[in-house]
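Trainee: First the structure, then my questions, so here it is.
The values are calculated or read from the model by the stated rules, or taken from the named source; none is laboratory data. As the structure is a computational prediction, the values presented were derived from the model and not from experiment. No Cβ is skipped: glycine too gets one built from the backbone with ideal geometry, and neighbour counts run over all protein chains shown. Note: accessible area is taken over every heavy atom of the protein model, side chains too, but ligands, DNA and RNA are not part of it. Shrake-Rupley method; radii C 1.70, N 1.55, O 1.52, S 1.80 Å.
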Amino acid sequence: MTRTTEETLELNADVLIIGGGLAGTWAAAAARRAGATVILADKGYCGTSGVTATAGPGHWWIPPDPPELRENAIANRRKTGFGLNDAGWMARTLALTWESLPTLAGFYDFSKDESGAPQYRALRGPEYMRALRRLVESLGITILDHSPALELLQRPDGSVSGARGIRRQKGGDWQVNAGAVVLATGGTSFLSRLLGSHTNTGDGYLMAAEAGAELSGMEFTTYHTVAPVRSTMTRTMSYAFATYYDEDGAVIPMPPGPDTMRPLARALLEGKVFCDLSRTPEDIRAQVPTISPNFMLPFRRWGIDPYSERFEVTLHGEGTIRGIGGLRIVGDDCATSVPGLFAAGDTATRELVAGAISGGGNINSAWAVSSGQWAGRGAARFSAENGSASGGRPIGQASLRPASVERDIDLSQALLAIQGEMLSYDKNIFRHGSKLKRSADLLDDAWANVDAHARGSGDTRLRTRETAAMLATARWCIASALARDESRGMHQREDRPETDPRFNRRILVGGLDKVWTQSDYGRALELAS
Amino acid sequence: MIELVIAERCTGCNACVEICPTNVLAPSLNGPPEIAHQQDCQTCFMCELYCREDAIYVAPDCENPTDVDKDEIVASGLLGEFRRNHGWDEWAADPRFGNEHWRMESVFLRARDMAIAEAAAKRNSAQQ
Ligand SMILES: Cc1cc2nc3c(=O)[nH]c(=O)nc-3n(C[C@H](O)[C@H](O)[C@H](O)COP(=O)(O)OP(=O)(O)OC[C@H]3O[C@@H](n4cnc5c(N)ncnc54)[C@H](O)[C@@H]3O)c2cc1C
């Protein structure tokens, strides 16, 4: 059922998956296996796009036997999650991840350890995403590469029935009419130089909000990762052996453990910071190129020996990527509050599993694998129960249908404004109520301007929409950070250093013209554990 | 950012055009793909990995273009290093380039144990 009009490729499917990264590919496979016809659209290329493809996630990986192993892991994570995560969601994420990864045999060439046992936990990014693309193709799923979605279609009854977007290589637009939609567009780091993140501009958040969905946990967006200056190489492993120096060559003291972000940010606010990796044992140096082949690329090309020479470093912001916030989940099938709209991976809040600290290193990828499959199955079921895909109208607003007179918007200026509030260590790592209020005002003004006047056309259509999405996302982050009038987990307020039991709840946020926040009193998210 | 598509090596397969996540390259009628939108490059090195001819060079600077000398780069031995370390294509059977990503966890544990040992040593010397 393909019809090509002059400008728009129109397709029908039971389920549309928007985003073909880690969560989107798992979602597509699950929806297809549940019997649905599936189309997957990615802004870039499914297989190299997204932050998994350029890294290599270690999953939350704990054997089912003896049962105490998982029970202890969950109990520990409940403590470090500061009361915002849920044992039931953790248990089902651990279980589904454990079942799922071995099923990629035949698509991913699992390494074996010295005893010959296949290693499932940590998979190399490019190979992992290549395997997932092959899996998706083998199931007969249609992939639309270089096809960013711009807006959702919504029926008069409020249910979502597809999306529209651009075919940026083939030309023209696309429209998929679908019985249900899974948003798997990743998180956003506001175009910081975080490795592999540049197609992740928060489009899914904006599209969902326009349909009436709300978000949760957007205050947990302060995470930053070290990298050599002017590089994207935010691979962290080797920094476990780092020594940091200030401009005068004095060693910057670091607390024991992995939490170097805040001391590094403090030092960077005072001046340049340098690093060497001289503490790395010789045998590990030899293995780095075959553990993380991209890690050494910048050093080799700049002619720097990081094991003996000092190099300057910076911190790249991660926003909601290795932060935690995203679309609020209201059912165990990863449904959002909008009928027919499901969310997975970094597009969804990861508070349910990670709590108030980063889920990087284990939980985020396990969540992408699991939430992807729950959302895919949920979408397949919704589509089967609610019948055919039709009758939806496009609902995009900001940058597509301006509220007032169309006027040129300086996109680079708008991006600088967003980044100024969201990527400055001073404002975003060391938060303070008064600074957050200023950020909120500034971003409200920027939003009002974009919403009223921006309308992308031609080559700027995508960039204009992405700018609107990042701007909306930034406003939700700041509003949530203000509403959480305390410090908890990665959200640290200089003016409210204590953790306050009154805030022992998730914070919901939403709204476009006017942003609102609300404490999540409904305990509907909790599963029986 | 991507700096070079080396014409003498390129076979015009356009794999890089297809797989570039940010749509930086454009096919050209005759000759290698054109670096059409260098400013959009996210410096992820994926094009190098997918180029079987090792015809692409991405400079590590992700903020500004880098002046590079093509002959120097060709002579440097850097081309294709990434794809080789990944053990792709003709390197797949070479035991030197096996996928050791799974060792990452043990590296983190080594670092943790070293830090614990160093802290203990410091405490001991402080007590003496
Ligand atoms: C350097 C780094 C290392 C990491 N290491 C780990 C780890 O060891 N363990 C761990 O658990 N987690 C890790 N993470 C986090 C983990 O990679 C993410 O949680 C995971 O990739 C999320 O999957 P996703 O599918 O939601 O997003 P992504 O994999 O980023 O995919 C999102 C996809 O959506 C597409 N897209 C965006 N907008 C649109 C649109 N408008 N239309 C169509 N498509 C769109 C993008 O092109 C992209 O392909 C790491 C992250 C980084 C940055």
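Trainee: Have a look at region A:300-322 and report residues whose accessible surface goes down by 30 Å² or more when the remaining protein chains are included, against the chain on its own, probe 1.4 Å, ligands and DNA/RNA excluded.
Mentor: Those are A:Arg300, A:Arg301, A:Trp302, which lose 30 Å² or more relative to the chain on its own.
Trainee: Moving on to the next point. Taking H as built 1.01 Å from N, whose amide H comes closer than 5 Å to the amide H of B:Val58, not counting residues under 5 places away?
Mentor: Placed amide hydrogens put B:Glu3 under 5 Å from B:Val58.
Trainee: Exceeding 22 Å between C-alpha atoms, which entries from my cross-link table qualify? They are A:Lys43/A:Lys170; A:Lys43/A:Lys514; A:Lys43/A:Lys437; A:Lys435/A:Lys514. If you can, show how the numbers build up before the last one.
Mentor: On the way: A:Lys43/A:Lys170 13 Å; A:Lys43/A:Lys514 29 Å; A:Lys43/A:Lys437 34 Å; A:Lys435/A:Lys514 20 Å.
Those over the limit are A:Lys43/A:Lys514; A:Lys43/A:Lys437.
Trainee: Let me ask something else. Just to confirm my numbers, what's the Cα centroid distance between region A:357-411 and region A:97-126 in Å?
Mentor: Distance between centres, Cα-based: 30 Å.
Trainee: Turning to a different aspect of this structure: Need one value for A:141-151: mean number of C-beta atoms belonging to other chains within 10 Å of its residues' C-beta atoms.
Mentor: Mean inter-chain Cβ contacts per residue within 10 Å come to 1.
Trainee: Please list, by residue number, every one of the GluC sites (Glu not before Pro) in region A:321-425 that is coil in DSSP and has at most 12 other beta-carbon atoms within 10 Å. Before the final figure, lay out the partial values.
Mentor: Details: sites: A:Glu351, A:Glu385, A:Glu406, A:Glu421; in loops: A:Glu406.
Of the GluC sites (Glu not before Pro), the ones in loops of region A:321-425 whose Cβ has at most 12 other Cβ atoms within 10 Å are A:Glu406.
Trainee: Moving on to the next point. Determine the residues within region A:231-271 where the difference in accessible area between the chain on its own and the full set of protein chains amounts to at least 30 Å²; count protein heavy atoms only and use a 1.4 Å probe.
Mentor: The answer is A:Thr232, A:Met237, A:Ala240, A:Phe241 - residues whose exposure falls by at least 30 Å² when every protein chain is included.
Trainee: In terms of modelled amide H atoms, which long-range or inter-chain residues lie less than 5 Å from the amide H of A:Thr8?
Mentor: Close amide H contacts, sequence-distant or interchain: A:Asp173.
Trainee: Additional query: Which of the aspartates and glutamates could be linked to B:Lys70 by a straight reach, that is with a Cα gap under 17 Å, when you skip same-chain ones fewer than 8 residues away?
Mentor: Correct list for B:Lys70: B:Glu3, B:Glu8, B:Glu34, B:Glu48, B:Glu53, B:Asp54, B:Asp61, B:Glu81.
Trainee: Treating only the Cβ atoms of Lys and Arg (+1) and Asp and Glu (-1) as charged, compute the dipole magnitude of chain B about its Cα centre; round to the nearest 20 debye. Provide the component values of the computation, followed by the final result.
Mentor: Working: 11 positive and 22 negative charges, 175 e Å.
Roughly 840 debye for chain B.
Trainee: Separate question: Per residue of B:13-25, how many C-beta atoms from partner chains lie within 10 Å of its own C-beta, taken as a mean?
Mentor: Averaged over the peptide's residues, the number is 5.
Trainee: Then there's this: Mean separation of Cα pairs under 8 Å and 6+ residues apart, divided by the residue count of region A:224-315: what relative contact order is that in percent?
Mentor: That works out to 39 percent.
Trainee: Which value at 222 nm does chain A reach when only helices count, each DSSP H run of 4 or more adding -39,500 (n - 2.57), with the total divided by all residues and rounded to the nearest 500 deg cm²/dmol? Could you put the intermediate results ahead of the total?
Mentor: Values: 14 runs with 177 residues, N = 529.
Mean residue ellipticity, 222 nm, calculated: -10500 deg cm²/dmol.
Trainee: Out of the DSSP beta bridges found with both residues in the protein assembly as shown, what percent are antiparallel (nearest 5)? Working shown, then result.
Mentor: Numbers: 45 of 69 bridges.
Rounded to the nearest five, the antiparallel share is 65 percent.
Trainee: Give me the percent of accessible area attributable to carbon and sulfur for the protein assembly as shown, probe 1.4 angstrom.
Mentor: Roughly 49 percent of what the probe reaches on the protein assembly as shown is carbon or sulfur.
Trainee: Hey, another quick one. I need the calculated FRET efficiency for the pair B:Thr11 and A:Asp157, taking r as the beta carbon distance and R₀ as 60 Å, to the nearest 0.05.
Mentor: According to the calculation, E is roughly 0.65.
Trainee: Taking θ as phi - 60°, what are the ³J(HN,Hα) couplings along region A:262-267 by the Karplus curve (6.51, -1.76, 1.60), each to the nearest whole Hz, with x for Gly and Pro?
Mentor: Per residue, the Karplus-derived 3J(HN,Hα) values read 5, x, 5, 4, 4, 5 Hz.
Trainee: Across every pair of different alpha-carbon atoms, what Kirkwood hydrodynamic radius in Å does the protein assembly as shown reach?
Mentor: 25.1 Å
Trainee: Give the accessible surface of region A:224-315 per residue, rounded to a whole number of Å², with probe radius 1.4 Å and ligands, DNA and RNA excluded. List each step's numbers first, then the result.
Mentor: Details: 3810 Å² over 92 residues.
Counting only protein heavy atoms, the per-residue value for region A:224-315 is 41 Å².
Trainee: Nearest 100 Å², what total accessible surface is buried between chain A and chain B (probe 1.4 Å)?
Mentor: Between A and B, the summed buried area is about 4700 Å².
Trainee: Could you provide, to the nearest whole Å², the per residue accessible area of region A:83-158 with probe 1.4 Å?
Mentor: 36 Å²
Trainee: So if we plug the beta-carbon distance of A:Ala403 and A:Glu494 into 1/(1 + (r/R0)^6) with R0 = 41 Å, what FRET efficiency do we get, rounded to 0.05?
Mentor: It comes to 0.65.
Trainee: Still on this structure, please answer the following. Could you list log10 I(q)/I(0) for region B:1-87 at q = 0.14 Å⁻¹, which the Debye formula gives when each Cα is one point scatterer?
Mentor: Listed by q, the Debye log ratios stand at -0.42.
Trainee: Let me ask something else about it. Quick one: Cα centre-to-centre distance for region A:240-315 and region A:450-469, in angstrom?
Mentor: Using only Cα atoms to place each centre, the spacing works out to 38 Å.
Trainee: Another question, then. May I ask you to derive the relative contact order of chain A, considering only C-alpha pairs under 8 Å and at least 6 residues apart, and to give it as an integer percent?
Mentor: Contact order relative to length: 22 percent.
Trainee: For a protection proxy built on the mean count of beta-carbon atoms within 10 angstrom, sort A:126-137, A:294-305 highest first, please.
Mentor: A:126-137, A:294-305
Trainee: If packing is taken as the mean number of other Cβ atoms within 10 Å per residue, what is the order of A:171-178, A:456-463, highest first?
Mentor: A:171-178, A:456-463
Trainee: Sorting check: for B:15-26, A:55-66, A:38-49, which peptide has the highest mean count of neighbouring beta carbons within 10 Å, and how do the rest follow?
Mentor: Highest to lowest by the protection proxy: A:38-49, B:15-26, A:55-66.
Trainee: Counting only other chains, and only Cβ atoms inside 10 Å, what mean value do you get across the residues of A:120-126?
Mentor: Across A:120-126, the average partner-chain Cβ count within 10 Å equals 5.
Trainee: Just to be sure I understand the model, the point goes 7 Å from the Cα along the line to the Cβ. What's the resulting A:Ser519 to A:Lys437 distance in nm?
Mentor: The two pseudo-label positions are separated by 2.1 nm.
Trainee: Please state the relative contact order of chain B as a whole percent: Cα pairs under 8 Å, 6+ residues apart? Please list the in-between numbers first.
Mentor: Details: 152 pairs, mean separation 28.5, N = 128.
Taking the mean separation of contacting Cα pairs over the length of chain B, I get 22 percent.
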